[in-house]
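Shown next, in structure tokens, is the structure this report addresses.
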Amino acid sequence: MGEVIVITSGKGGVGKTTTTANLGTGLALKEKKVVLIDADIGLRNLDLVMGLENRIVYDLVNVVEGTCRIKQALIKDKRFEGLFLLPAAQTRDKNAVSPEQMIRLCDDLKEEFDYILVDCPAGIEQGFKNAIAGADRAVVVTTPEVSAVRDADRVIGILEANEIRKSMLLINRVRPDMVKKGDMMSIEDIIDILAIDLIGVVPDDENIIISTNRGEPAVAEAKSLAGQAYRNITRRLMGEDVPLINLAGNDSFLSKMKKLLGFKSA
Amino acid sequence: MLQSLFSKLSRKRTSKDVAKERLKLVLIHDRANVSPQFLEMVKGEIIKVIQNYMEIDEEALDIQLTKTVSEESDSVVPALIANIPIKSVKNVGR
């Protein structure tokens, strides 16, 4: 029996889709059977980030409306064994799907997959409610900015109200140089404010833009810092205990970043 | 490193300190889901009730939403704090 994990944030542009793509690919690299659901109906992007945009035939709305079978709509990622994508509809809106339909879909997929990752739309409206409906737990993505942290707090509250209690926080686009100067909230600061368990930290890394340009998730790239962060988060998602090392200390930026991400220090 | 040492020594408030403080305050209100009008309503009602028993200094009355450490766990929870200066106690119910 699989597990449904929703990737959400409240605020847009903090990295939900990138996170879904990387964690999904990371889980597939760990030999899990994974399906990614793009729940952002009308603004589909997970296909593009995954580099699968040319392979879409059917979409999420077709499946819930019964136009096609689930199997027909799932796009198999040929690069990663066990990884599938269920794309969003681009020409429909969020009202094309109901929470009940999402629950049924997730329940069906749980039979066959180890992990179902749902890429949630921004906001807390109907699209969000649909995306969280079938979820067993949540990864809340934020960045060290006041607006993103505030929205994350709101989303955590709504998830709790919907009895999704195993939410974990992913802090994206951290810049250790700015944290050190006191110009960016640190991981401790954010955890202190949000009072939620941390699943990991992803540094601000230009490799993410480059890999997204190519449609190749960074998690599969050995040398990418953000990729290493996503590999660690993937393992934590599977229940492994991978230590997080904080930014305090007098090490150089690079060695600190490597420590933070769990590289062995040279 | 020198820079961070210097800022620690001079105890200058960094921009992240400001961010944290502003966030904490705004979240108290977000979490409690109250508006300033709501607080004014609560204040009005409290004055009405207390005035049955005491004469209070309405001008100096201060009521605000803040946070406190929960007695059951170590978590921080919102709290309604009222500071109500009493001028005299009325002679009722005694």
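The values are calculated or read from the model by the stated rules, or taken from the named source; none is laboratory data. No experiment lies behind these values; they were computed from the predicted model shown. Note: ideal-geometry Cβ built from the backbone for every residue, glycine included; neighbour counts use all protein chains shown. To get the accessible areas, we keep the full protein, side chains included, count just its heavy atoms, and leave off ligands, DNA and RNA. Shrake-Rupley method; radii C 1.70, N 1.55, O 1.52, S 1.80 Å.
Things to note:
- Estimated FRET transfer efficiency when R0 is 22 angstrom, pair A:L244-A:R175 (beta carbons, to 0.05): 0.80
- With both labels modelled 7 Å from their Cα along Cα-to-Cβ, the A:Q126 to A:R154 distance reads 1.9 nm.
- Ligands, DNA and RNA left out, the accessible area of the range B:35-94 computed with a 1.4 Å probe is 52% carbon and sulfur.
- Complex-versus-alone comparison for the range A:170-189, residues with a loss of 30 Å² or more in accessible area, probe 1.4 Å: A:K180, A:K181, A:G182, A:D183, A:M185, A:D189
- A helix-only calculation puts chain A at -12000 deg cm²/dmol for mean residue ellipticity at 222 nm, using -39500 (n - 2.57) for each DSSP H run of at least four residues, averaged over all residues.
- Loss of accessible area when B meets A, both sides summed, Å² nearest 100, probe 1.4 Å: 1400 Å²
- Cross-link table A:K71/A:K129; B:K12/B:K43; A:K181/A:K223; A:K129/B:K48; A:K78/A:K180, entries beyond 32 Å C-alpha to C-alpha: B:K12/B:K43; A:K129/B:K48; A:K78/A:K180
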